[in-house]
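**Student:** Below is one structure. I have some questions about it.
Each value in this text was obtained by applying a stated rule to the coordinates, not by laboratory testing. Values in this document were obtained by computation on a predicted structure and should not be read as measured data. Neighbour counts are summed over all protein chains in view; Cβ atoms, including those assigned to glycine, are modelled from backbone coordinates with ideal geometry.
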Amino acid sequence: MALPLLRRALCATLLASFAAGAQAGLPTYELTIRDGHFEPSTIEVPARQRFKIVVHNAGSGPTEFESTPLRVEKVLSPGVTSFVVIHPLKPGRYPFFDEFHLDLPQGEIVAK
């Protein structure tokens with residue numbers, strides 16, 4: 001009885017460390033959102049390569065990193081940091097915005 005439980009625990013540990021290692025190798029870009037303003041407003045990435053964006057909410061209210069063409073949406077409370085992984089992109093421009101601040105300029109990802 002203890003052996004199957006030990007096997008399951010070992011498999012879970014191996015899978016978790018593999019997943020963490022796979023994410024660690026991704027090119028990573030930092031994005032700070034402060035009350036609807038993006039810093040930086042443009043992120044340049046290599047085309048046809050997965051990447052990760054670490055999003056920081058440095059504002060006083062909730063914020064959202066959203067992109068319709070990328071099919072990604074991430075809501076963050078004040079002071080929260082999270083991330084999104086973006087699939088490989090064709091060369092082009094991909095806008096993103098904060099749905100809580102639609103009156104402010106959008107940001108964009110430029111894949112080259």
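**Student:** Could you check the spin-label model distance between Gln49 and Arg71? Points 7 Å from the Cα along Cα→Cβ, value in nm.
**Tutor:** Here the answer is 2.4 nm between the modelled labels.
**Student:** Can you list the aspartates and glutamates whose alpha carbon sits under 16 Å from that of Lys90, skipping same-chain ones fewer than 8 residues off?
**Tutor:** Glu44, Glu108
**Student:** Follow-up question, since we're still on this one. Would you please name the trypsin sites (Lys or Arg not before Pro) within the stretch 45-107 that are DSSP coil residues with at most 12 other C-beta atoms within 10 Å of their C-beta?
**Tutor:** Answer in residue order: Arg48, Arg71.
**Student:** I need the calculated FRET efficiency for the pair His87 and Thr42, taking r as the beta carbon distance and R₀ as 22 Å, to the nearest 0.05.
**Tutor:** Result of the calculation: an efficiency of 0.70.
**Student:** Calculate the dipole size of the stretch 25-88 relative to its Cα centre from +1 charges on Lys and Arg beta carbons and -1 charges on Asp and Glu beta carbons; express the result in debye to the nearest 20.
**Tutor:** 300
**Student:** Compare the peptides 26-32, 77-83 by average per-residue count of other Cβ atoms within 10 angstrom and give them in order, highest first. Please report the intermediate quantities before stating the final value.
**Tutor:** Details: 26-32: 15.0, 77-83: 12.9.
Ranking the peptides 26-32, 77-83 by packing returns 26-32, 77-83.
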